[in-house]
Amino acid sequence: MILTGTEIVEQRRLGRIRIEPFHPEQVSPNSYDFRLGDAVEMYQSEALDFRQENPKVKIPIPDDGLLLKIDKIYLAATEELIGSDHFAAIIHARSSVARLGLFVHVTADLIDIGSYDRWILQLHAVQPVRIFRGMRIGQVTFWSAKGPTSK
Amino acid sequence: MILTAEKISEEVAAGNIVISPFSPGNLNPSSYSYHMGDEILEQSVDRDGNETSAGEPMPIAAGGVLLQPKRLYLTNTHQHIGSRKYVTLLSGCRPAAQLGLFVQLSANLGNLGDAHRWTLELTCVQPVRIYPGMLIGVLTFWEPKGAITYYSGQYTAHSRPVGNLRGAASDWGRQ
């Protein structure tokens with residue numbers, strides 16, 4: 001079952017969900033809006049390889065935003081640390097972001113139980129699109145689990 | 001509700017979830033990491049959108065294969081996967097995602113029914129070299145609500161990478 005916004009707030013109060021920093025105005029009816037951090041990373045080489053090092057370069061997002069190209073993959077941390085030892089979390093683009101053709105993950109949307117970190121988004125633009133640091137870029141939902149979570 | 005690792009393990013042992021071969025080492029706290037198979041089928045279409053490559057899947061060499069952007073490739077899961085009790089969702093894993101490799105194109109939902117090796121759709125943002133049998137994604141299992149019926153479509157019969165089986169474009173219209 002998916003948690004409502006009210007329940008996310010309550011479970012956070014109980015320490016069973018962690019979102020830091022937390023801003024009540026970012027709570028939605030059944031999710032929490034997370035923000036983009038202040039930099040992206042890009043690969044130095046064009047062709048990538050699962051068995052090789054793929055060196056990256058960090059690019060701070062300027063005040064007037066960063067224009068994403070369509071043929072590159074960009075990695076970007078969320079501003080918030082997010083996770084739970086009790087609930088699985090799934091990330092989604094905000095619909096206003098999706099409407100600009102921006103993917104916020106590349107078919108990897110699960111935050112496993114027990115993970116607590118800044119989530120690394122995989123940004124991919126269908127058309128060139130400008131992003132801004134701190135923008136509300138996505139939503140995280142929390143889902144109750146069946147079975148022991150002691151692992 | 002999403003199943004935890006211990007519950008997945010318990011239901012595999014009970015036969016209510018099929019992941020074969022199954023290795024406890026691939027369990028994550030609320031998911032299971034699966035591998036891709038060792039065959040690939042490049043899909044192409046002509047300008048009118050008709051499929052032009054209905055060929056056989058090709059073996060992937062040990063040295064891997066370099067995928068190119070704006071192309072669609074089909075491979076399969078190494079594991080036989082399925083459940084008649086829990087709904088399976090199948091997605092990519094973080095290492096694949098971070099190299100810009102899409103695994104399943106917004107079709108991550110499994111059906112209640114028999115196990116098989118699932119066909120995976122792959123497409124990439126930048127050229128990327130993949131290897132046969134590599135770790136490529138994660139499975140999650142979800143408890144459904146309501147009376148259960150089983151998948152009766154034709155894809156479960158295929159354990160090698162298989163393209164669209166709906167036939168000509170005219171079949172897509174409203175019946």
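Throughout, read-outs are computed from the coordinates displayed, never taken from laboratory work. This structure is a prediction, so every number in the text was calculated from the model and none was measured. Positions of Cβ are generated from backbone atoms using ideal geometry, with glycine treated the same way; all protein chains shown enter the neighbour counts.
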Max mean-square fluctuation residue, GNM over chain B, Cα-Cα springs under 10 Å, options B:19, B:60, B:81: B:60
Amide H to amide H, which residues 5 or more places from residue A:30 or on other chains are under 5 Å from it, using H placed in the peptide plane? A:5
Under a point spin-label approximation (7 Å from Cα along Cα-to-Cβ), what is the residue A:28-residue B:45 distance to one decimal in nm? 2.9
I need to check one value: relative contact order of chain A, counting alpha carbon pairs closer than 8 Å and at least 6 residues apart, in percent. 32
For A:102, B:72, order by how many other beta-carbon atoms lie within 10 Å, fewest first: B:72, A:102
Who wins for biggest fluctuation among B:27, B:109, B:41 in a Gaussian network model of chain B, springs between alpha carbons below 10 Å? B:109
May I ask you to derive the relative contact order of chain B, considering only C-alpha pairs under 8 Å and at least 6 residues apart, and to give it as an integer percent? 29
Taking 22 Å as R0, compute the FRET efficiency from the Cβ-Cβ separation of residue A:69 and residue B:52 and round it to 0.05. 0.15
At a 10 Å Cβ-Cβ cut-off, how would you order B:52, A:107, fewest neighbours first? B:52, A:107
What nm value, rounded to one decimal, do you get for the distance between residue A:7 and residue B:149 when each label is placed 7 Å out toward the C-beta? 2.8
Between residue A:132 and residue A:16, what is the FRET efficiency for a Förster distance of 51 Å, r being their Cβ-Cβ separation, to the nearest 0.05? 0.95
Relative exposure of A:117, A:112, A:85, judged by other C-beta atoms within 10 Å (fewest first): A:117, A:85, A:112
Cα-projected label distance for residue A:96 with residue B:6, points at 7 Å along beta-carbon direction, nm: 4.3
Across the protein assembly as shown, what fraction of all alpha-carbon pairs, as a whole percent, falls in each successive 10 Å bin from zero upward? 6, 24, 32, 27, 10, 1
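Mind giving me the FRET efficiency for residue B:80 and residue B:166? R0 is 30 Å, r the Cβ-Cβ distance, nearest 0.05 is fine.
0.80
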About its Cα centre, what dipole magnitude does chain B give when the only charges are +1 on Lys and Arg Cβ and -1 on Asp and Glu Cβ, stated in debye to the nearest 20? 280
Using just the helices of chain A, give the 222 nm mean residue ellipticity in deg cm²/dmol: DSSP H runs with n ≥ 4 each add -39,500 (n - 2.57), and the total is spread over all residues, rounded to 500. -2000 deg cm²/dmol
